[in-house]
Amino acid sequence: DSDSDLDSDENEDPNLVLRKVSQTSFLTTSVCLRTLRIISRDRKALAPLITDNAILTLARLGGISALPTWPEEEEAELLHGLSERLKDGIHSSSPPSGQFYELRLLFLLTALRPELRIELRQEHSVSMLTAALEQCLEVCWGETHEVLTDLTAPPVCKEVTQHALEILKTLFNITYSVHRQEVDEEAADLYRHLAAVLRHCLLVPCEGEDRKEELQGHTVNVLSALPLQCLDVLLSVRLSEGSKESGGVNMDCVHTLLLFMEKRLDRGYKLKEKLAPVLNLLTESSKAHRETRHYLRQQILPPLRDVEIRPEQRNTLRSKLVRLMTHVDTDIKHCAAELLFVLCKENVSRFVKYTGYGNAAGLLAAWGLLNGRGPYPQPQYSSDSDSDTEEYRQAKDRINPVTGRVEEEQPDPMEGMTEEEKEAEALRLINMFNKLSRNKIIQPMGVTTDGKMAPLCGQTRHSAVQEEEEEEEEDDSETEQ
């Protein structure tokens with residue numbers, strides 16, 4: 001049959017495969033997608049086969065639309081036909097077997113042709129895909145925007161999880177820029193409804209930890225694309241026995257995101273792609289919700305006790321994030337630092353206290369905060385206290401602010417020197433730095449009024465000692481000659 005013909009020789013010329021497909025009188029959506037999969041393995045042949053004609057031909061053969069011809073103006077009709085087929089499946093008692101492949105094709109179309117996303121960025125498309133996700137996971141609703149998640153229920157099977165993943169990937173493609181837009185009340189209600197279903201996706205048990213993590217990862221991607229004001233439903237669920245809470249607010253979702261973040265941190269793989277979305281989501285949520293920030297601060301930045309070890313040298317969540325602050329990828333280190341900074345209520349001294357000035361200096365310079373305050377109005381945070389432990393108070397005066405730990409006492413290099421000798425040594429060091437600066441080996445830097453690093457202006461005046469040393473050097477050179 002056609003399935004076996006397509007699978008039997010995957011090295012066949014992709015263009016020939018497409019011609020065979022075109023000659024077939026009837027072809028299921030499954031075979032259409034199998035053809036696309038085979039073609040995509042040959043990157044050299046892929047470019048001419050993702051043109052309008054190729055994509056629309058495959059769509060026609062898959063039964064998505066009955067249009068006999070494919071002018072460019074009818075691309076919207078393709079997406080409309082696909083949407084209608086999905087809608088019919090949603091209204092049926094159970095999703096048809098081909099719905100998974102229709103979702104996969106919809107995702108491929110929006111991924112390969114970004115301009116087609118415009119046709120799907122309408123509210124009815126988000127509503128349709130949300131309904132498909134509800135049907136897939138058999139969602140049960142409680143009060144307004146509250147999905148009842150039974151953590152004791154049997155785990156979601158592999159097939160259902162894969163179906164949900166296709167919906168989530170397509171949802172991200174058509175909502176990826178919504179968070180930058182102003183939404184009206186009706187649209188906000190729609191996205192709150194979606195966020196409630198996404199909360200269920202984060203918490204629902206799945207067969208296999210890898211499947212669960214993959215489902216959570218795509219859920220995080222969609223959540224990060226939604227308007228921030230619509231994510232309040234993640235916290236509005238009633239408390240139940242065993243729930244995590246902060247200030248009487250349900251923190252089960254936030255706790256799940258925290259555990260997910262730690263898994264991605266420990267993996268250390270594709271951090272920009274895998275870790276940055278959840279870091280940004282937790283940061284923005286902490287800015288918007290006091291209870292979220294307070295809970296995350298308790299988990300990530302508990303009161304300091306043992307200050308004998310550098311902040312980055314432990315195996316705690318704080319240490320893992322501090323290590324990322326010196327990562328080679330600028331985006332990742334800024335994401336990690338911003339989360340810690342927000343948990344410190346954007347207070348520079350508190351930020352340095354938990355991270356060490358050595359880890360924080362570069363980022364503070366980039367943010368214009370080296371002088372301890374930014375050039376912009378400071379955000380208004382609640383007045384919850386930053387109480388120090390007894391152990392920290394006892395060691396506070398001995399902590400090296402650069403390394404963030406108590407250092408071993410070092411011998412005084414000027415012990416036994418007279419005041420005149422100390423002054424002479426200080427002048428000698430100043431002259432050495434001046435010479436290095438004049439020869440452009442180093443460049444003296446200072447902090448400007450707006451908190452950024454900048455070269456120090458002006459010439460350093462020669463001291464009497466410096467002139468004397470230069471004369472001695474000239475005398476020595478003349479003697480050698």
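If we scan segment 122-139, do we find a residue that is in a loop (DSSP other than H, G, I, E, B), modelled with pLDDT under 90 and within 22 Å of Leu235 (Cα to Cα)?
Let us first name the residues in segment 122-139 that are in a loop (DSSP other than H, G, I, E, B), namely 122, 138-139.
Cutting the leftovers down to modelled with pLDDT under 90 gives us 122.
Applying the additional criterion that residues be within 22 Å of Leu235 (Cα to Cα) yields none.
No, the conditions are met nowhere in segment 122-139.
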_Failed criterion for Asp210 (all others in (1) out of contact with any helix residue (DSSP H, G or I) (no Cβ under 7 Å at 6 or more places or on another chain); (2) buried (at least 21 other Cβ atoms within 10 Å of the Cβ) hold)_ = (2)
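Which one of these is without any contact (Cβ under 8 Å) to a residue 40 or more places away in the chain, over 25 Å from His193 (Cβ atoms) and open to solvent by 10 Å² or more (accessible area, probe 1.4 Å): Arg310, Arg314, Arg305?
Arg314
Among the candidates Leu190, Leu171, single out the residue that is closer than 26 Å to Leu265 by Cβ and hydrophobic (A, V, I, L, M, F, W, C). First the steps, then the outcome.
Working: Leu190 fails: closer than 26 Å to Leu265 by Cβ.
Criteria check complete, one pass: Leu171.
State yes or no: is Leu265 in a helix (DSSP H, G or I), among the aliphatic types (A, V, I, L, M) and either surrounded by 14 or more Cβ atoms within 10 Å (Cβ to Cβ) or out of contact with any Gly (no Cβ under 7 Å at 6 or more places or on another chain) (or both)?
Numbers: in a helix (DSSP H, G or I): yes; among the aliphatic types (A, V, I, L, M): yes; either surrounded by 14 or more Cβ atoms within 10 Å (Cβ to Cβ) or out of contact with any Gly (no Cβ under 7 Å at 6 or more places or on another chain) (or both): yes.
It is true that Leu265 is in a helix (DSSP H, G or I), among the aliphatic types (A, V, I, L, M) and either surrounded by 14 or more Cβ atoms within 10 Å (Cβ to Cβ) or out of contact with any Gly (no Cβ under 7 Å at 6 or more places or on another chain) (or both).
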*Which of the residues spanning segment 387-416 are at pLDDT 80 or above, open to solvent by less than 60 Å² (accessible area, probe 1.4 Å) and among the aliphatic types (A, V, I, L, M)?*
Ile399, Val406
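Would you pick out the residues in segment 402-416 that are on the phi < 0 side of the Ramachandran plot and out of contact with any helix residue (DSSP H, G or I) (no Cβ under 7 Å at 6 or more places or on another chain)?
So the first thing to find is which residues in segment 402-416 are on the phi < 0 side of the Ramachandran plot, and the list is 402-403, 405-415.
Hits for segment 402-416 are Arg405, Glu407, Glu408, Glu409, Gln410, Pro411, Asp412, Pro413, Glu415.
The values are calculated or read from the model by the stated rules, or taken from the named source; none is laboratory data. Fair warning: this is a prediction, and the values are worked out from it, not measured in the lab. Cβ coordinates were reconstructed from backbone atoms using ideal geometry, including for glycine residues, and neighbour counts include every protein chain displayed. SASA here: full protein model, heavy atoms, side chains in, ligands and nucleic acids out. Shrake-Rupley method; radii C 1.70, N 1.55, O 1.52, S 1.80 Å.
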